[in-house]
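Below is one structure, written out as structure tokens; the observations come after it.
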Amino acid sequence: MAKKPPFVAGNWKMHMTIPEAKDLATAVVRASMELPEAEIVLAPPFTALSEVFKIVEESAVQLAAQNLHGEDRGAFTGEVSAPLLKDAGCQYVIIGHSERRQFFGETDAGVNKKISAALKSGVIPIVCIGETPAERERGETMAVVSRQLEGGLEGIALEGFEPMIIAYEPVWAIGTGKTASPAQAEEVHAHIRQDLTRRYGNGPAEYAIILYGGSVKPANAFALLSEKNIDGFLVGGASLEAESFIEIVREAIKAYKEKK
Ligand code: PGA
């Protein structure tokens, strides 16, 4: 199925036992039937992927993994590859989340390798970029996101880029309750779209879906998505409860309709 804005993905991180995951996915699927205008994606932990897949399979809700290894197979104890994700029913995979960059040493080159691996197996990358608080204070935000895009997308041809989702997630806003203001987020989203235009041309950059992530809640979703270059959300904390996640989807649909 083709991606479409508004695009709202829930990143469950290291939460949700299998029974909890099944309950949450069931509630989201049920609510999604009345929200066909949005692309809704759930990213459970690896352990719950195949059970959640059974629940979303017959619905429009899509499944994402939170990470993958850059090789297709081999002796990499504890790792999961793109072909295995595809097999588990994943249409998407989150790549280069700031928590992986910060705590697990992921680099732009590693992100690049993972993007290629995902694309080769037909799993669509949701590529995360964003500056740390120190980088923002030093006025390096635009340079950082440009560098992350450049490194992550190196050698990725237009046909690989086209299905891809980009997520701008300022590290200082993730899990902190400190959301970027709509204007702060828009400034960076516009910069990202400019970079993508230089790289892939006007049309592809215009249609690219650029998500915002970092303390998105029902209360701030409408104002953020009303900005021109914000096409959806990557939601952490507020995606762990069906009610708040679905409310964010509703707000996103409302804002998208108004700005169209
Ligand atoms: P948060 O996380 O919504 O809890 O800030 C966002 C993310 O890490 O994707």
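On the stretch given as region 95-124, residues that are within 16 Å of the ligand (Cβ to nearest atom), buried (at least 18 other Cβ atoms within 10 Å of the Cβ) and part of a helix (DSSP H, G or I) total 5.
Table: residues versus (1) touching a residue at least 60 places away in the same chain (Cβ under 8 Å); (2) crowded, with 16+ Cβ neighbours inside 10 Å; (3) within 16 Å of the chain's Cα centre (by Cα).
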| position | (1), (2), (3) |
| --- | --- |
| ALA157 | no, no, no |
| ALA167 | yes, yes, yes |
| TRP172 | no, yes, no |
| LYS178 | no, no, no |
| SER181 | no, no, no |
| HIS191 | no, yes, no |
| ARG198 | no, no, no |
| GLY201 | no, no, no |
| PRO204 | no, yes, no |
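Does VAL127 count as away from the ligand (no atom under 15 Å from the Cβ) and either touching a His at 6+ places or on another chain (Cβ under 6 Å) or not in a loop (DSSP other than H, G, I, E, B) (or both)? Spelling it out, it is not the case that VAL127 is away from the ligand (no atom under 15 Å from the Cβ) and either touching a His at 6+ places or on another chain (Cβ under 6 Å) or not in a loop (DSSP other than H, G, I, E, B) (or both). Being open to solvent by less than 10 Å² (accessible area, probe 1.4 Å) and assigned to a loop (DSSP other than H, G, I, E, B) is a condition met by no residue of region 80-87. Return the only residue of ALA183, ALA167 being within 15 Å of the ligand (Cβ to nearest atom) and either among the hydrophobic types (A, V, I, L, M, F, W, C) or assigned to a loop (DSSP other than H, G, I, E, B) (or both). Of the residues listed, the single one that is within 15 Å of the ligand (Cβ to nearest atom) and either among the hydrophobic types (A, V, I, L, M, F, W, C) or assigned to a loop (DSSP other than H, G, I, E, B) (or both) is ALA167.
Inspection of region 62-69 finds no residue satisfying the criterion of being modelled with pLDDT of 95 or more, open to solvent by 30 Å² or more (accessible area, probe 1.4 Å) and hydrophobic (A, V, I, L, M, F, W, C).
Given the structure, is ALA221 within 16 Å of the ligand (Cβ to nearest atom) and in a helix (DSSP H, G or I)? Here the answer is yes, as ALA221 does meet what is asked.
Would you be able to say whether some residue in region 144-158 is in contact with a His (Cβ under 9 Å, 6 or more places away or on another chain) and over 19 Å from GLY232 (Cα atoms)? Yes, some residue in region 144-158 is in contact with a His (Cβ under 9 Å, 6 or more places away or on another chain) and over 19 Å from GLY232 (Cα atoms).
The values are calculated or read from the model by the stated rules, or taken from the named source; none is laboratory data. Keep in mind the model is a prediction, meaning the values are calculated, not measured. Cβ coordinates were reconstructed from backbone atoms using ideal geometry, including for glycine residues, and neighbour counts include every protein chain displayed. For accessibility, only protein heavy atoms count, side chains too; no ligands or nucleic acids. Shrake-Rupley method; radii C 1.70, N 1.55, O 1.52, S 1.80 Å.
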